[in-house]
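Worksheet: the structure to be examined is printed underneath.
The values are calculated or read from the model by the stated rules, or taken from the named source; none is laboratory data. In this text the structure is predicted, and so the values were computed from the model without any measurement. Every residue, glycine among them, receives a Cβ derived from its backbone with ideal geometry; neighbour counts consider all protein chains shown. Quick note on the areas: whole protein, heavy atoms, side chains included, nothing else; ligands and nucleic acids left out. Shrake-Rupley method; radii C 1.70, N 1.55, O 1.52, S 1.80 Å.
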Amino acid sequence: MGAPTLEALARQASTCTACRLSETRTTVVFGTGSPASGLLVVGEGPGREEDLKGEPFVGRSGQLLDRLILEELGLTRASFYIANVVKCRPPGNRDPAPDEVAACAPFLQGQLGFLDPRVVVSLGNVATRVLLGTDEGISALRGRTHPWQGRVLVPTFHPAYALRGGGAVVAQMRADLVRAKQALAATR
Ligand code: SF4
């Protein structure tokens, strides 16, 4: 990509047509937040509300995520960075296709380079599989930390799944977020 700053990379993304998702998106959802806490949260792709507003995780699942991160890590949305594997909404909220993930990968790699997070939390099957390069499911991958690109990766459920799954899933998400908090403290 060759952008000199994160802001320049975001400007590049805002007009990107490198994959077919550019044909149906309303807005490119690059990511928001701050690198200050050392935490990067990665989801799979923007949904309908995100596509309209240009911000990641603004709907009900985003509100649940914000609440859990505040309660377990003491971090507000402004103090960590949150982005998706693909920056444009897959139509009908389908999973992003492998070629779309590959086309968008330089933006996520660029974000990792500029933000340099110590801990990455991946939300759900798609993001976790993409980052870890595995076909294993989230239930097998969560519940522990993974060394990843010189950082710590903490997989957890997607908050939309937690909204449907109720208290037991939320409790497992909380436990994963405590793992992220411990990893942040251990890598300070
Ligand atoms: Fe470009 Fe990524 Fe959007 Fe595809 S999803 S058009 S690669 S910004």
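Numerical summary
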read-out	value
Filter result for the condition that a residue is open to solvent by less than 40 Å² (accessible area, probe 1.4 Å), touching a residue at least 24 places away in the same chain (Cβ under 8 Å) and either within 26 Å of Val152 (Cβ to Cβ) or within 16 Å of the ligand (Cβ to nearest atom) (or both), over Asp95, Asp51, Asp99	Asp51
Of all residues making up segment 102-125, the number that are away from the ligand (no atom under 14 Å from the Cβ) and farther than 20 Å from Ala185 by Cβ	6
Some residue of segment 55-63 being touching a residue at least 12 places away in the same chain (Cβ under 8 Å), outside any helix (DSSP H, G or I), within 16 Å of the ligand (Cβ to nearest atom) and on the phi < 0 side of the Ramachandran plot	yes
Leu75 under 30 Å from Ala185 (Cα atoms), away from the ligand (no atom under 16 Å from the Cβ) and not in a loop (DSSP other than H, G, I, E, B)	no
Top-ranked residue in segment 111-120 [being in contact (Cβ under 8 Å) with a residue 40 or more places away in the chain and open to solvent by 20 Å² or more (accessible area, probe 1.4 Å); ranked as farthest from Thr24 (Cα to Cα)]	Arg118
Criterion (at pLDDT 95 or above, open to solvent by less than 50 Å² (accessible area, probe 1.4 Å) and in contact with a Ser or Thr (Cβ under 7 Å, 6 or more places away or on another chain)) met by exactly one of Ala162, Ala127, Ala183, Ala175	Ala183
For Thr17: the one exception among (1) among the polar types (S, T, N, Q); (2) assigned to a loop (DSSP other than H, G, I, E, B); (3) touching a helix residue (DSSP H, G or I) at 6+ places or on another chain (Cβ under 6 Å)	(3)
Test: residue in segment 140-158 that is open to solvent by less than 10 Å² (accessible area, probe 1.4 Å), touching a Pro at 6+ places or on another chain (Cβ under 6 Å) and either farther than 21 Å from Pro90 by Cα or at pLDDT 95 or above (or both)	yes
Qualifying residue in segment 24-33 (condition: under 16 Å from the mean Cα position of the chain (by Cα) and surrounded by fewer than 20 Cβ atoms within 10 Å (Cβ to Cβ))	yes
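Condition check ((1) among the acidic types (Asp, Glu); (2) in a helix (DSSP H, G or I)) across all residues:
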| residue | (1), (2) |
| --- | --- |
| Arg11 | no, yes |
| Thr27 | no, no |
| Arg67 | no, yes |
| Arg89 | no, no |
| Asp95 | yes, no |
